[in-house]
1. For Cα extents along the principal axes in Å, which listed value, (1) 67, 44, 39; (2) 65, 47, 44; (3) 59, 43, 36, comes from the coordinates shown?
2. With +1 on the Cβ of every Lys and Arg and -1 on the Cβ of every Asp and Glu, and nothing else charged, how large is the dipole of the chain about its Cα centre, in debye rounded to the nearest 20?
3. Cα axis of helix 208-235 to longest principal axis of the chain: angle in degrees, 0 to 90, nearest 10?
4. Please give the length that would be gained between residue 77 and residue 264 if that part of the chain were fully extended, namely 0.36 nm times their separation in residues minus their C-alpha to C-alpha distance (nm, one decimal).
5. Can you tell me the orientation of helix 41-69 relative to the chain, as the angle in degrees between its alpha-carbon axis and the longest Cα principal axis, to the nearest 10?
6. Where in region 7-43 is the amide nitrogen less than 18 Å from a point lying 7 Å along the Cα-to-Cβ axis of residue 160?
7. What is the calculated FRET efficiency for residue 205 to residue 101, with r their C-beta to C-beta distance and R₀ = 51 Å, to the nearest 0.05?
8. How many Lys pairs in the chain lie less than 25 angstrom apart by Cα atoms, where the lysines are 8 or more positions apart or on different chains?
Amino acid sequence: MTDRLLTRPFVLAWLANLAQGMAFTMFLHFPGYLKGLGAGEVEIGLIVGLTAVASIAVRPSVGRAMDERGRRPVILFGNVVNVAVLALYLTISQLGVWLYAVRIVHGFAEALLFTALFTYGADQVPASRRTEGIALFGISGMLPIALGGVLGDVVLARWDFDVFFTVVLGFGILSLLLSLPLPESGLVREKGERPRRFLASVLKQSLLPLWWITLVFSLALTAYFTFLKTFVIDTGIGSVGLFFSAYSATAIGLRLFAAWLPDRAGPKRVLYPALGSMVLGFVVLAAASGPGAVAVAGVLCGAGHGYAFPIVMGLVVSRAAEADRGSAMAVFTGLFDVGVLLGGPAFGAVIRFGSYSSMFLSAAGWMLLGGLVYAYWDRSNPVPPAPVPRKRLGGTSMIPGESAAVPPNASSTDA
């Protein structure tokens, strides 16, 4: 039996995630818009982090809804809310309550889409190729990092932010249209197998170290996802497009040609060098004096992200009970919002009272310390063997490549 990855549901979800990713990552330029409205670094960090407030609050409900009602309703509802809120950016003209309200609703929409689409993608991946499949699905999120930054540069060089927000809205509409034909992807549960309460499902001992390293990773990402635009504006070094093009090209290249490595060599053997690569990338950014250094930093950080995200996500999927996968994925994706909420103001304060160099060095130190803590905490958790595939909704036998096989009640094989 061939464990095929490129099935119709996988490809449709990949394209939908690509479109919504473009709508989201073009907001790499949003700090520049806020700076034009008169916001300082700390306020920019707070405003960008506002999306995380609603996102974090709604994550438990999103997880429960996916476990109990399926992925498709959450994906469709999230797309509708996303289209509506992207249209509202065209009504913003100054700092104030309305801007804050729009950012909060945007966070709500992103919580729905980010969680549901990645959970859907994980459902389509055979367990024997889990990290590889998640890595390939993740390309739909990495491509927008490169294309969104460059497209934003092009649009803003010729037009204003009204045109920018219109382009973003177009991508949101495209994501909704691509999501309409998605079939439900939930799995058939064994008799008597039901989702546990949210806290009980996510506080398993084997999951706790993964929540820690996800938080470490997500908080560090805030250093350049939030402040690279203002770094370029204030220092005149490099460009947003240059960094994120090098970043995403490296990550995508690794996922296309070496995504199999973690599954064959062992996830942790690849994870630690990936985290180290990001540490080096931050150090290079701290010392950057020209565009070449910014590009090198993009390569190093992109290599780290290219492996770290799918490896950690794959471990979460393996260790979570099948009936609680939605809740586990809600926590995993929600921690990226926690990282934005904490990292935005924190790194903004470091810039205000120090410099961009000290901020990037702080991010490097945080990631190094966090990685060491994780290595010690998770040292006794091996990676489990791939489980036997199970049947999908509707009672049909598993079709090659359409397996969403995960460990049956993974509590017995906690990794």
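1. (3)
2. 940
3. 20
4. Value of the extension gain: 63.5 nm.
5. Relative to the chain, helix 41-69 is tipped by roughly 10 degrees.
6. 30-39
7. Given R0 = 51 Å and the Cβ-Cβ separation, E is 0.80.
8. 4
Here, each number is a calculation from the coordinates, and none is a lab measurement. All values reported here derive from a predicted model rather than from experimental measurement. Note: ideal-geometry Cβ built from the backbone for every residue, glycine included; neighbour counts use all protein chains shown.
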